Amino acid sequence: MLAAIFLFVGCQLTGEVLRELLSLPIPGPVIGMFFLGALLVCWQKTGTNRNIPVEVERTAETFIRYMGLLFVPAGVGVISQGGLLRAEWLPILVGLVGSTILSVAITGFVMHWTSRTRHTKVALINSERTL
Amino acid sequence: MSNNVFQHVWIPLSATPLLWLAVTLGAYVFGLVIQKWFSGSALASPVLISIAVVSAIVLLTRTTYQSYFAGAQFINFLLGPATIALAVPLAKNIDLVRHNLHSIGIALIAGSLTSIISGVLIVWVLGGTKDVALSMAPKSVTTPIAMAVSIEIGGVPALTAALAILGGILAAILGQEMLHRLNIRDWRAHGLAAGVAGSGVAAAQVAARNELGAAFAAVGIGLNGLLTAIIVPLMFLFWK
């Protein structure tokens, strides 16, 4: 657990350093994500049948499961936008809902349509519904 | 009496991170309980519920957002390592991601442009100000990139951050059901759509349910961040 957290924080630090050094327009954690991804792919491909350590996998699962909580402090920032929200609530509301729905639909549709012939069995969602 | 309580309990407590850390955690646990109550429905989003509860408490106690955030920043910090953690499902499914790179590229460009253009256009058509229209442009990418791009093009970064998170919640709440309605039952499409249209918040919802979805969501967040950071400032170069 601790070693895995160290790995994640270490990759985040690497991401921040790379961002500063190369003055990239992308946040450190996103660079760090690609960095750790590359590291883990190398790890998997260099040995025969080498898997990602269970500890790393479990820690990642825990972080991802509670990721929603981590957005709450930034989300509460909406209260500091009261003035703008009251003044322009209609364009903001319709713009936000409309463009989010359109974007989900277009991305999902194009992805599905262009990849439907490949590996469809592995990717199939069982009939479970969420609503 | 209540004045006494205020002086000896509230004031010292509200100066430590402990109080707002506890309130934020408590609100999220409450959100999870509510979601369980509605048998796990995506509509009862714990993120949305807890943001509403915490916002109400912060406003009612007349606390400023700055002093709330001083306490809650420890939770906010963990967003970094959590983003890094998305590399694990990404690496595990790397072969499938590589085989679908063409599709990912096309879907990414289509979805990203749709989000940017439709957001700005709707605000403009409904008579919103330019500040709000520009703040809407980068809202579908991960919050730090969205804010940086917003500053770059002359939007309101704090509004962009709020829109990014609220948009992510919307994508998380409506996305899966909507794609089911369109008869799309493919974790690659669900994951990528969540990552591109709703960044981290929507990705978290898909990632918690399926590993392949998590891998495509991670790719969506990363690549859309990259694409938006490059094209949005170019698109709005002449609209200042």
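The values are calculated or read from the model by the stated rules, or taken from the named source; none is laboratory data. Since the structure is predicted, the reported quantities are computational estimates derived from the model, not experimental observations. Neighbour counts run over all protein chains shown; Cβ positions are idealised from the backbone, glycine included.
Quick one: which residue in B:Ala208, B:Ala202, B:Ala218 is within 26 Å of A:Val76 (Cα to Cα) and touching a residue at least 60 places away in the same chain (Cβ under 8 Å)? Walk me through it before giving the result.
Values: B:Ala208 fails: touching a residue at least 60 places away in the same chain (Cβ under 8 Å); B:Ala202 fails: touching a residue at least 60 places away in the same chain (Cβ under 8 Å).
Unique residue meeting the criteria: B:Ala218.
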From the list B:Leu90, B:Leu113, which residue is surrounded by fewer than 24 Cβ atoms within 10 Å (Cβ to Cβ) and either more than 20 Å from A:Val76 (Cβ to Cβ) or polar (S, T, N, Q) (or both)? B:Leu113
Verdict on A:Gly83 being part of a helix (DSSP H, G or I), more than 7 Å from chain B (Cβ to nearest Cβ), surrounded by fewer than 23 Cβ atoms within 10 Å (Cβ to Cβ) and small (Gly, Ala, Ser): yes
Exactly one condition in (1) out of contact with any helix residue (DSSP H, G or I) (no Cβ under 9 Å at 6 or more places or on another chain); (2) assigned to a loop (DSSP other than H, G, I, E, B) is not met by B:Asp95; state its number. (2)
Scanning for something out of contact with any helix residue (DSSP H, G or I) (no Cβ under 6 Å at 6 or more places or on another chain), in a helix (DSSP H, G or I), in the same structural domain as A:Gly37 (by TED's automatic domain parsing) and hydrophobic (A, V, I, L, M, F, W, C), does the range A:88-102 turn up at least one residue? no
Can you pull out every residue in the range B:174-185 that is surrounded by fewer than 24 Cβ atoms within 10 Å (Cβ to Cβ) and either at the interface with chain A (Cβ under 8 Å from one of its Cβ atoms) or in contact with an Asp or Glu (Cβ under 8 Å, 6 or more places away or on another chain) (or both)? B:Leu174, B:Glu177, B:Met178, B:His180, B:Leu182, B:Ile184, B:Arg185
Have a look at B:Val5, B:Val29, B:Val53 and point out the one that is assigned to a helix (DSSP H, G or I) and in contact (Cβ under 8 Å) with a residue 24 or more places away in the chain. B:Val53
What residue, among those in the range B:197-215 that are more than 8 Å from chain A (Cβ to nearest Cβ) and touching a Pro at 6+ places or on another chain (Cβ under 9 Å), is surrounded by the fewest Cβ atoms within 10 Å (Cβ to Cβ)? B:Glu211
Determine which member of the set B:Thr143, B:Thr114, B:Thr83 is in contact with a Ser or Thr (Cβ under 7 Å, 6 or more places away or on another chain) and of a type in the set (Ser, Thr, Tyr). B:Thr114
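Does A:Arg19 satisfy the criteria of being within 21 Å of the chain's Cα centre (by Cα) and assigned to a helix (DSSP H, G or I)?
Values: within 21 Å of the chain's Cα centre (by Cα): yes; assigned to a helix (DSSP H, G or I): yes.
Spelling it out, A:Arg19 is indeed within 21 Å of the chain's Cα centre (by Cα) and assigned to a helix (DSSP H, G or I).
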Residues to consider are A:Gly68, A:Gly37; find the one that is touching a Leu at 6+ places or on another chain (Cβ under 8 Å) and assigned to a helix (DSSP H, G or I). A:Gly37
If you check B:Leu226 against the conditions, is it without any contact (Cβ under 8 Å) to a residue 12 or more places away in the chain and either hydrophobic (A, V, I, L, M, F, W, C) or touching a Ser or Thr at 6+ places or on another chain (Cβ under 6 Å) (or both)? yes
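Among the residues that make up the range A:77-88, is at least one of them of a type in the set (Lys, Arg) and under 24 Å from B:Ala197 (Cα atoms)? Can you show your working first?
First, pick out the residues of the range A:77-88 that are of a type in the set (Lys, Arg): A:86.
Going one step further and asking which of them are under 24 Å from B:Ala197 (Cα atoms), we end up with none.
Scanning the range A:77-88, I find no residue that is of a type in the set (Lys, Arg) and under 24 Å from B:Ala197 (Cα atoms), so the answer is no.
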Checked the range B:129-145 for anything within 22 Å of A:Arg86 (Cα to Cα) and out of contact with any Gly (no Cβ under 7 Å at 6 or more places or on another chain); matches are B:Thr129, B:Lys130, B:Val132, B:Ala133, B:Pro138
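Listed here are the residues, each with its yes/no results for (1) at the interface with chain B (Cβ under 7 Å from one of its Cβ atoms); (2) within 20 Å of the chain's Cα centre (by Cα); (3) at positive phi; (4) surrounded by fewer than 22 Cβ atoms within 10 Å (Cβ to Cβ).
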| site | (1), (2), (3), (4) |
| --- | --- |
| A:Cys42 | no, no, no, yes |
| A:Thr46 | no, no, no, yes |
| A:Glu57 | yes, yes, no, yes |
| A:Ala60 | yes, yes, no, no |
| A:Val72 | yes, yes, no, no |
| A:Val78 | yes, no, no, yes |
| A:Ala87 | no, no, no, yes |
| A:Gly95 | yes, no, no, no |
| A:Gly98 | yes, no, no, yes |
Can you tell me which residue within the range B:60-90, out of those that are among the hydrophobic types (A, V, I, L, M, F, W, C) and out of contact with any Gly (no Cβ under 9 Å at 6 or more places or on another chain), is nearest to A:Gln44 (Cα to Cα)? B:Ala85
So, in the range B:52-87, exactly how many residues are crowded, with 21+ Cβ neighbours inside 10 Å and more than 7 Å from every other protein chain (Cβ to nearest Cβ)? 1
Count - residues of the range B:146-173 that are surrounded by fewer than 24 Cβ atoms within 10 Å (Cβ to Cβ), more than 15 Å from A:Gly68 (Cα to Cα) and touching a residue at least 24 places away in the same chain (Cβ under 8 Å): 5
